[in-house]
Amino acid sequence: MSSQLVIEGVNKTFRSRGHVVQALSDVSLEVEPGEIVMLVGPSGCGKSTLLNVIAGLEKVDSGLLTIDGRPIEGPGPDRAVVFQDGALFPWLTVQKNVEFGLRQLGVSDKERAERASEFLANVGLAGFENRNIHELSGGMRQRVAIARALVTNPKVVLMDEPFSALDALTREDLYDQMQELWQASATSVIFVTHNVREAVTLGDRVVLMTPRPGRIQSIFDVRILRPRQVDDADVARLAKRISMEMKYGIGIDDVSEAMYI
Ligand code: ADP
Ligand code: MG
């Protein structure tokens, strides 16, 4: 069976005020249906740029992106994006925010209401349907954003540091909920984070990018039983290895060897 999302030899440069910045250099990656891929790497390495080209919000200079064999040429209903600040509509209720994408797809009133309630319940927000966005905590807002992204049943959800503004306890709650939610779902997730522990807790694979221009440095398979906690020993161990590789550009075995020379 072919992969759902295929990224092949993608290059992307930005030109602003006479400067040329190469953000992505020859990035190739295949993401299977239902897979959770975490993107980590130093600040400015091109993580958001990669997410934005997958979303169809930025055009590539060269290379090809396809979903089920069809080229990505712009934003589409097969992909949904969750940003760091949730980007909810403050003038709509929780329920109406989640219904928004369904309305655009022409889903009937009744089905819209049912599906929105179902997805709000999935993220632990049953009973909050009629609240206003400003009444919610940061963690609740991100859960609304996630429900809104998933309710239209996209093939790929793209998340750009969605939990980075939240406190540690709220984040850990969300780790539990996300693992439960994603386990049952065929939606693929591509999730950008600068938090390596978060990447290992949530991911099926962790993709480490090099400093600018972003290329893929290494890909780690996370073979740790779920549900995972951020402070599990196995999670800590792999996170350490990835952090070392990010810092030194080589595997930890090589690092420890290098330290003895
Ligand atoms: P990350 O998300 O990994 O921190 P980004 O993808 O946001 O990195 O940025 C990668 C590089 O591309 C950075 O040097 C950034 O300044 C540059 N860049 C990103 N977007 C633009 C833009 N719209 N115009 C000019 N430069 C940009
Ligand atoms: Mg970014």
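Observations on the model:
- Going through (1) out of contact with any strand residue (DSSP E or B) (no Cβ under 7 Å at 6 or more places or on another chain); (2) within 24 Å of residue 47 (Cα to Cα); (3) more than 16 Å from ligand 1 (Cβ to nearest atom) one by one, residue 149 falls short only on (1).
- Residues located in region 96-116, provided they are open to solvent by less than 50 Å² (accessible area, probe 1.4 Å) and under 23 Å from the mean Cα position of the chain (by Cα): 97, 98, 99, 101, 102, 116
- Identity of the residue in region 46-57, assigned to a loop (DSSP other than H, G, I, E, B) and open to solvent by less than 60 Å² (accessible area, probe 1.4 Å), that ends up nearest to residue 242 (Cα to Cα): 46
- Breaking point among (1) out of contact with any Gly (no Cβ under 9 Å at 6 or more places or on another chain); (2) open to solvent by 50 Å² or more (accessible area, probe 1.4 Å); (3) among the charged types (D, E, K, R), for residue 173: (1)
- Meets criteria (closer than 18 Å to residue 203 by Cβ and touching a residue at least 40 places away in the same chain (Cβ under 8 Å)) for residue 10: no
- Only one of the numbered conditions (1) more than 13 Å from ligand 1 (Cβ to nearest atom); (2) of a type outside the set (Phe, Trp, Tyr); (3) farther than 22 Å from residue 186 by Cα; (4) at pLDDT below 95 is violated by residue 64, and that is (4).
- Residue list for region 115-136, filter: within 18 Å of residue 174 (Cβ to Cβ), hydrophobic (A, V, I, L, M, F, W, C), in a helix (DSSP H, G or I) and in contact (Cβ under 8 Å) with a residue 12 or more places away in the chain: 119, 120, 133
- When residues of region 58-83 are limited to those that are under 23 Å from residue 202 (Cβ atoms) and not in a strand (DSSP E or B), the one most open to solvent (accessible area, probe 1.4 Å): 83
- Residues in region 182-191 that are part of a loop (DSSP other than H, G, I, E, B) and not hydrophobic (A, V, I, L, M, F, W, C) were compared, and the one that is most open to solvent (accessible area, probe 1.4 Å) is 185.
- All of 43, 28 fail the test of being open to solvent by 30 Å² or more (accessible area, probe 1.4 Å), within 26 Å of residue 245 (Cα to Cα), in a loop (DSSP other than H, G, I, E, B) and in contact (Cβ under 8 Å) with a residue 60 or more places away in the chain, apart from 43.
- Among the residues making up region 117-142, none is in contact with a Lys or Arg (Cβ under 6 Å, 6 or more places away or on another chain) and open to solvent by 60 Å² or more (accessible area, probe 1.4 Å).
- Here is the figure for region 21-55: residues that are within 13 Å of ligand 2 (Cβ to nearest atom), among the β-branched types (Val, Ile, Thr) and either out of contact with any strand residue (DSSP E or B) (no Cβ under 7 Å at 6 or more places or on another chain) or farther than 21 Å from residue 71 by Cα (or both) total 1.
Listed here are the residues, each with its yes/no results for (1) open to solvent by less than 50 Å² (accessible area, probe 1.4 Å); (2) within 16 Å of ligand 2 (Cβ to nearest atom); (3) at pLDDT 95 or above; (4) under 24 Å from residue 12 (Cα atoms).
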| position | (1), (2), (3), (4) |
| --- | --- |
| 151 | yes, no, no, no |
| 166 | yes, no, no, no |
| 180 | no, no, no, no |
| 193 | yes, yes, yes, yes |
| 201 | yes, no, yes, no |
| 208 | yes, yes, yes, yes |
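- If you filter region 60-77 down to residues that are over 18 Å from the mean Cα position of the chain (by Cα) and in contact (Cβ under 8 Å) with a residue 40 or more places away in the chain, you find that the one that is nearest to ligand 2 (Cβ to nearest atom) is 60.
- Those residues of region 153-164 which are open to solvent by 30 Å² or more (accessible area, probe 1.4 Å) and away from ligand 1 (no atom under 16 Å from the Cβ), in sequence order: 153, 155
The values are calculated or read from the model by the stated rules, or taken from the named source; none is laboratory data. Note that the coordinates shown come from a computational prediction; the quantities given were computed from them, not determined experimentally. Positions of Cβ are generated from backbone atoms using ideal geometry, with glycine treated the same way; all protein chains shown enter the neighbour counts. With ligands, DNA and RNA removed, areas are computed over all heavy atoms of the protein, side chains included. Shrake-Rupley method; radii C 1.70, N 1.55, O 1.52, S 1.80 Å.
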